[in-house]
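Beneath this line is the structure, given in structure tokens, with notes to follow.
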Amino acid sequence: MRHGYLIDMDGVLCRGRQLIAGADAFIAALRQADIPFLLLTNNSQRSRRDIATKLQRIGIPVEEEHVFTSAMATARFLARMKPDGTAYVIGEGGLTTALHLNGFAIVDQAPDFVVIGEGRTVTFEQLELAVRFVAQGARLIATNLDPNCPTESGLRPGCGAIVAMIETATGKKAFSVGKPSPVMLRAARKELDLRSEETCIIGDTMETDIWGGVQLGYHTILVLSGSTQLADLPQYAFCPERIVASVKELVTPLQQHPERPLWLVPEAEETAVSPQDKSDRRKPAGTRNLPRPVAAATPGGRP
């Protein structure tokens, strides 16, 4: 069966500059088997080349074309909405580069869009201009709504925190392009030339990675090496198809049976048991008997 993977980075392959055990072998096995994949990130600060270089330096064998960022998704989306448009940007090089590559001009007067990404040097003057432009009719676009960004020294305000200030000041709601928005996840799938039923998301966050996949009918694998722990799962009205401790757990089955999608239960575990037991075998001990995915649910378990 043809299949491919959309893989989150932070918490799945690495933590900051630290490689998560087995991540290098996992990516190497995907490439060896010629299985299509993209590495997804909501962070819009860096270009795909910068991100690929960072991953290579910690031992993950990827190329620039394996990376897909929220900045890329945002720029492509806006180019479809208004070709050769203009934008006032709060963000860094990854976002401005993506916009330029898609025909947008970065301006500080009468923009079509106000586009918000992450920024380490955001000023009150920038926020004031953004509020003024939105009040004058510019459409407010967020690369993502993540409230914070992990750093080596702790958390700092993320794109969602910046957007919240502008929304509060203007009374206007931003349109978010990054995960879990279907805009980014559908664009990533199309980049791999896959159908929905051939696509699997591997991530560590229920609200973005797993919920995004559930919305679009993608297969889902949750790893417990990042932000989500077993104790968090009962609060959600949806759940992934498979849960593993980390991607290291997926290396051997991928090497032994590359034709077999990883969201399926390993053949060795397919024994003569009830359908409920077979389904539960997809999950580590402690997660069995959790609710099955509910397509109409919303993050946080609210129907």
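The values are calculated or read from the model by the stated rules, or taken from the named source; none is laboratory data. Small disclaimer: the values here were computed from a predicted structure and weren't measured. When we count neighbours, we look across all protein chains shown, and the Cβ atoms used for this are built from the backbone with ideal geometry, even at glycine.
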Checking ASP34 against (1) in a helix (DSSP H, G or I); (2) more than 17 Å from the chain's Cα centre (by Cα); (3) under 28 Å from CYS200 (Cα atoms), which single condition isn't satisfied?
(1)
Hey, among THR220, THR205, THR168, THR199, which residue is assigned by TED's automatic domain parsing to the domain that holds GLY117 and among the hydroxyl-bearing types (Ser, Thr, Tyr)?
THR168
Criterion first (over 16 Å from ALA71 (Cβ atoms) and either under 24 Å from the mean Cα position of the chain (by Cα) or buried (at least 17 other Cβ atoms within 10 Å of the Cβ) (or both)) does ASP112 satisfy it?
yes
Would you mind finding the one in ARG48, ARG80, ARG76 that is free of Cβ contacts under 8 Å to residues at least 12 places away in the same chain and of a type in the set (Lys, Arg)?
ARG80
Which listed residue, of GLU167, GLU197, is of a type in the set (Asp, Glu) and within 30 Å of LEU264 (Cα to Cα)
GLU197
Kindly state which helices (runs of 4 or more DSSP H) lie completely within region 210-303 and contain at least 2 residues that are under 17 Å from the mean Cα position of the chain (by Cα) and at pLDDT 50 or above.
211-216
Determine whether region 175-182 contains at least one residue that is in a helix (DSSP H, G or I) and either surrounded by fewer than 22 Cβ atoms within 10 Å (Cβ to Cβ) or not charged (D, E, K, R) (or both).
yes
Residues of region 65-95 being outside the structural domain of GLY137 (by TED's automatic domain parsing), part of a strand (DSSP E or B) and either touching a Cys at 6+ places or on another chain (Cβ under 9 Å) or of a type in the set (A, V, I, L, M, F, W, C) (or both), which ones?
VAL67, PHE68
Hey, can you tell me all the residues within region 158-174 that are of a type in the set (Gly, Ala, Ser) and in a loop (DSSP other than H, G, I, E, B)?
GLY158, GLY171, ALA174
Cβ-Cβ below 6 Å, separation at least six or inter-chain, first residue in region 139-157 and assigned to a strand (DSSP E or B), second at pLDDT 90 or above and among the hydroxyl-bearing types (Ser, Thr, Tyr): which pairs?
ALA142/SER176
Which condition breaks for ARG46 when tested against (1) in a loop (DSSP other than H, G, I, E, B); (2) in contact with a Leu (Cβ under 8 Å, 6 or more places away or on another chain)?
(2)
Residue list for region 136-174, restricted to those being under 18 Å from ASN42 (Cβ atoms) and hydroxyl-bearing (Ser, Thr, Tyr)
THR143, THR151
Does region 18-32 contain any residue that is farther than 22 Å from LEU224 by Cα and surrounded by fewer than 22 Cβ atoms within 10 Å (Cβ to Cβ)?
yes
Looking at the structure I just gave you, is ASP34 of a type in the set (D, E, K, R) and in contact with a strand residue (DSSP E or B) (Cβ under 8 Å, 6 or more places away or on another chain)?
no
